Amino acid sequence: MSFFRQYSKHFAQNILQSLRAALPHLEQIENTIILKNDSFGGINDQKSDEKTTHGGLNELILEEILKKDGIYVRQLAEIFKNRISLRTIERVLKELTDKGEIEFRGSKKTGGYYIV
């Protein structure tokens, strides 16, 4: 096996281990990584009454808001760096705000999210 190929395989294994730590519902079949849909809920998720696209992420973000009232989007992005994109965090926050579970207080520049 060439050095490059061996290095690439080692690199891929490290990435997979990191993903498994961050997202325990990963499954690997040969060279394909599969994220099971039931780990984050889904539009057709029959376990919940409300349709959601971010089921498991909602709880993770709510936990962080509980730990620190008034948390900023950028602080959440730093907590979840390399696991959840900034845009996804913003979508989840909007979803939680629309449901009435959290609210944004303060100005756009210095305000933060609070549990209702």
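Determine which member of the set Leu76, Leu62 is surrounded by 13 or more Cβ atoms within 10 Å (Cβ to Cβ) and over 20 Å from Ser18 (Cα atoms).
Working: Leu76 fails: over 20 Å from Ser18 (Cα atoms).
Answer to the check: Leu62.
Condition test on Ile15, is it of a type in the set (Val, Ile, Thr), at pLDDT below 65 and either outside any loop (DSSP other than H, G, I, E, B) or over 30 Å from Val116 (Cα atoms) (or both)?
no
If you scan region 60-116, which residues turn out to be among the β-branched types (Val, Ile, Thr) and over 12 Å from the mean Cα position of the chain (by Cα)?
So the first thing to find is which residues in region 60-116 are among the β-branched types (Val, Ile, Thr), and the list is 61, 65, 71, 73, 79, 84, 88-89, 92, 97, 102, 110, 115-116.
Selection gives Ile65, Ile71, Val73, Thr97, Ile102, Thr110, Ile115, Val116.
The values are calculated or read from the model by the stated rules, or taken from the named source; none is laboratory data. Computed from a predicted structure; not experimentally measured. A quick note on method: Cβ atoms are made from the backbone with ideal geometry, for glycine too, and the neighbour counts reach across all protein chains shown.
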